[in-house]
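The values are calculated or read from the model by the stated rules, or taken from the named source; none is laboratory data. Because the structure is a prediction, the values reported are computed rather than measured. Because the Cβ atoms are built from the backbone with ideal geometry, glycine has one as well, and the counts that use them run over all protein chains shown. Calculation scope for accessible area: heavy atoms of the full protein, side chains included, ligands and nucleic acids excluded. Shrake-Rupley method; radii C 1.70, N 1.55, O 1.52, S 1.80 Å.
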Amino acid sequence: MSIDEDYDFPRFRSDSNAGHYESWFVRGNHPTRPLAIWIRYTIFSPKHSAQDSIGELWAIYFDGENGKHYVSKSEYPISECEFSGDPFKVRIGSSVQDHKGLTGKSGNKQGSTNIEWDLNFSGGDKHLFLFPKDLYSGGFPKAKVLVGKPSLLLNGFIKLENDKIDLKDWKGSQNHNWGPKHTDQYAWGQVAGFDGEQGSFLELATAKIKIGPFWTPAITPIVLRLHGQEYALNGLLSSFGRASYRYFDWKFQASSPEIKIEGRIHADKKDFACLRYANPPGGWKYCLNSKIARAEVLVQRRSETSPLRLRSARSAAFEILTEDPSHSLLTEV
């Protein structure tokens, strides 16, 4: 079966001690207000200890109007989880995600907000690969990432404790990540529709890998969908030296014979939640997570005389994965 046909098929093997993580996450933004939801169904299997594998539920509600976010996490033994690819279904405890939507709740970890959700999907575009397709069946990069359903609309509701919030046509995506270890260091970004540009979608990452005591140069694959066209600027050799980021600002640029892209994704420190991810080989990573970041992108396409300015006022995804604690954000779960 090709990667096109089984892009959401679970890669987890319960009989393997190689270590594995795998997540299917959904994100959505209010059409006009700085409000967002992120929900992640995850498998975590530690290296050399498959019997200790667990299922995790993560959820964050971002309220950019009041400068608050609400973070939730639950853990379940792997025996209380179910994963299948035909048809696609992920169940962790009683929480389920499939290609029609997701229902569930989380919050059994100390310090978590109780969050409940019942959301259905509509719309959506064909899946998007951040890397060249031939890399998805090989050993490099170890961490794979793709967008199973870009440009989704989310409808339904969430509950924060007892506060019900209705979602109507929130813009977002369904995504799938997996591998034997987390990428050593990265920034990841996504815009599921720039302001006033129906159907536009941006996916990118800047990643560095540590080999022994040495760090590789950063690579920055970028895929942009705009006006019915996909521009994949994700060749490995051409992806070096395109970007730089810090807390909490990221600048990037890339070009091909068809298009030139220059952009920035940034957010205030208060717009991030700090999560702690266990790494299958051992140790921890900090994930600084925002879904209400700002994005500005300048696009110059071949044969067009003037560039197009794209903007996302408060609906860009921006994550930073690091072992460095100097970001000074408090770890929330």
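Numbers below:
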item: Where a residue in segment 235-257 is within 24 Å of PRO307 (Cα to Cα) and its partner, wherever it lies, is of a type in the set (D, E, K, R) and open to solvent by less than 70 Å² (accessible area, probe 1.4 Å), with Cβ under 9 Å and at least six apart; result: PHE252/ARG242; GLN253/ARG242; ALA254/ARG242
item: Verdict on LEU288 being in contact with a Cys (Cβ under 9 Å, 6 or more places away or on another chain) and open to solvent by 50 Å² or more (accessible area, probe 1.4 Å); result: no
item: Meets criteria (open to solvent by 30 Å² or more (accessible area, probe 1.4 Å) and among the acidic types (Asp, Glu)) for ASP184; result: no
item: Selection from segment 85-112 of residues that are outside any strand (DSSP E or B) and under 21 Å from the mean Cα position of the chain (by Cα); result: HIS99, LYS100, GLY107, SER112
item: Enumeration of residues in segment 246-262 that are open to solvent by less than 30 Å² (accessible area, probe 1.4 Å) and either over 21 Å from ALA192 (Cβ atoms) or under 19 Å from the mean Cα position of the chain (by Cα) (or both); result: PHE248, ASP249, TRP250, PHE252
item: Exclusive hit being open to solvent by less than 10 Å² (accessible area, probe 1.4 Å) and in contact with a Pro (Cβ under 6 Å, 6 or more places away or on another chain), set LEU130, LEU146, LEU102, LEU119; result: LEU130
item: Test: residue in segment 64-74 that is in contact with a Lys or Arg (Cβ under 8 Å, 6 or more places away or on another chain), more than 30 Å from LYS164 (Cβ to Cβ), open to solvent by 20 Å² or more (accessible area, probe 1.4 Å) and part of a loop (DSSP other than H, G, I, E, B); result: no
item: First in segment 80-105 and closer than 17 Å to SER23 by Cβ and without any contact (Cβ under 8 Å) to a residue 24 or more places away in the chain, second anywhere and among the hydroxyl-bearing types (Ser, Thr, Tyr) and open to solvent by less than 10 Å² (accessible area, probe 1.4 Å), Cβ under 6 Å, 6 or more apart; result: none
item: Matching residues, segment 295-308, being assigned to a strand (DSSP E or B) and open to solvent by 60 Å² or more (accessible area, probe 1.4 Å); result: GLU296
item: Qualifying residue in segment 208-231 (condition: among the polar types (S, T, N, Q), open to solvent by 80 Å² or more (accessible area, probe 1.4 Å) and not in a strand (DSSP E or B)); result: no
item: Options ALA278, ALA317, ALA267, ALA243: the member that is hydrophobic (A, V, I, L, M, F, W, C), under 21 Å from ASP184 (Cβ atoms), open to solvent by 10 Å² or more (accessible area, probe 1.4 Å) and under 17 Å from the mean Cα position of the chain (by Cα); result: ALA278
item: Sole exception among (1) open to solvent by 30 Å² or more (accessible area, probe 1.4 Å); (2) farther than 18 Å from GLU332 by Cα; (3) in a strand (DSSP E or B) for VAL26, by number; result: (1)
item: Residue within segment 31-41 that is surrounded by fewer than 19 Cβ atoms within 10 Å (Cβ to Cβ), in contact (Cβ under 8 Å) with a residue 40 or more places away in the chain and under 18 Å from the mean Cα position of the chain (by Cα) present; result: no
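Conditions (1) of a type in the set (D, E, K, R); (2) assigned to a strand (DSSP E or B), marked per residue:
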| position | (1), (2) |
| --- | --- |
| GLU116 | yes, yes |
| TYR136 | no, no |
| VAL145 | no, yes |
| LYS159 | yes, yes |
| ASN177 | no, yes |
| TYR186 | no, yes |
| GLN190 | no, yes |
